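In what follows, a structure is listed as structure tokens, so that the remarks can point back to it.
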Ligand SMILES: Nc1nc2c(ncn2[C@@H]2O[C@H](COP(=O)(O)OP(=O)(O)OP(=O)(O)O)[C@@H](O)[C@H]2O)c(=O)[nH]1
Ligand SMILES: [Mg+2]
């Protein structure tokens, strides 16, 4: 298992670095999806399910955590390319850290195996993957404040966390292109009002896509996977 240690990048403008990384990713045709949520909301479980369901799509996962490599190991066991990123105690990934992680991912899989352009010649990021997921550090605060350079931001909110989270962590809902409400198989056991949660989220971000799912039973996964596929097609076309 490859683990890399990253420190927050000190740059004048994280946004500028993020825009540059996005432009580079567009050139290569690889779509980077930033996945954010509280600890334990189901990020790794959802990604594991997506890897199994989207077998025709070349997927890699970058697992960002403060410590341990358990998530990256779970992904690797499924046969997908994966690296573990340790954030030196930081509770988020920024664009510079994400670029460094992509570079490490490119080194893990020799770029000669890639089929795109990227920066193969310089030994940097290569585009052997259609989809690259960044599992961000688990919390609903700092990851929302830092643009990673991802093409799409997805947040997860699990049923046990409660339907009031849009009221408490509004920035995360504003910054996310999609809200995946996870663990809906547990709806009977919690006072989670799906309608209330959706309308609170839409009040903050009217265009947000909302996908209630259970990675355990597979409920709702088809709609989410359709959206991911169409986002990838769109990304490659533009
Ligand atoms: N019932 C149910 N449990 C789930 C579902 N998805 C995940 N879980 C459980 O939730 C717990 C946490 O899941 P993870 O996928 O590790 O969550 P995570 O967001 O990656 O956690 P961190 O990486 O620690 O932030 C595990 O015990 C999973 O089995 C689901 O759809 N339904
Ligand atoms: Mg995880």
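Some points to look at:
- Within region 23-48, the residues that satisfy the criterion of being away from ligand 2 (no atom under 13 Å from the Cβ) and under 16 Å from residue 154 (Cα atoms) are 31, 32, 33, 34.
- Region 78-87: number of residues that are in contact with a helix residue (DSSP H, G or I) (Cβ under 9 Å, 6 or more places away or on another chain) and either over 18 Å from residue 56 (Cβ atoms) or within 11 Å of ligand 2 (Cβ to nearest atom) (or both): 5
- Counting only residues that are within 9 Å of ligand 1 (Cβ to nearest atom) and either part of a helix (DSSP H, G or I) or under 17 Å from the mean Cα position of the chain (by Cα) (or both), region 215-224 holds 1 of them.
- Any helices (runs of 4 or more DSSP H) falling wholly within region 1-104 and containing at least 2 residues that are within 14 Å of ligand 1 (Cβ to nearest atom) and either surrounded by 17 or more Cβ atoms within 10 Å (Cβ to Cβ) or under 13 Å from the mean Cα position of the chain (by Cα) (or both): 43-53, 70-77
- The set of residues from region 203-217 being within 22 Å of residue 152 (Cβ to Cβ) and in contact with a helix residue (DSSP H, G or I) (Cβ under 9 Å, 6 or more places away or on another chain) comprises 203, 204, 205, 208, 209, 210, 211, 212, 213, 214, 215.
- Flag if residue 201 is without any contact (Cβ under 8 Å) to a residue 40 or more places away in the chain, over 17 Å from the mean Cα position of the chain (by Cα) and exposed (fewer than 15 other Cβ atoms within 10 Å of the Cβ): no
Where a number appears in this text, it was derived from the coordinates with a stated rule and is not lab data. Small disclaimer: the values here were computed from a predicted structure and weren't measured. Note: ideal-geometry Cβ built from the backbone for every residue, glycine included; neighbour counts use all protein chains shown.
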